[in-house]
């Protein structure tokens, strides 16, 4: 069974899509920009 994205990762993806900017998306999610980048990178690896 393939791994699935977490709700948190999807929330971060939506924030990034809405803001179009990693820094603003991180602020909206109350996390740091490097943490957001890492979560999005994990999501990219998961989805291929």
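The values are calculated or read from the model by the stated rules, or taken from the named source; none is laboratory data. Quick caveat: nothing in here was measured; it's all calculated off a predicted structure. Glycine also receives a Cβ, built like all others from the backbone with ideal geometry; neighbour counts cover every protein chain displayed.
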Inset, instruction - Could you check residue 18 against (1) in contact (Cβ under 8 Å) with a residue 12 or more places away in the chain; (2) in a helix (DSSP H, G or I) and say which number it fails? - result: (1)
Legend entry - Filter result (exposed (fewer than 12 other Cβ atoms within 10 Å of the Cβ) and within 9 Å of the chain's Cα centre (by Cα)) within region 4-43: 41
Inset, instruction - For region 28-47, state whether one or more residues are out of contact with any helix residue (DSSP H, G or I) (no Cβ under 9 Å at 6 or more places or on another chain), modelled with pLDDT under 95 and not in a loop (DSSP other than H, G, I, E, B). - result: yes
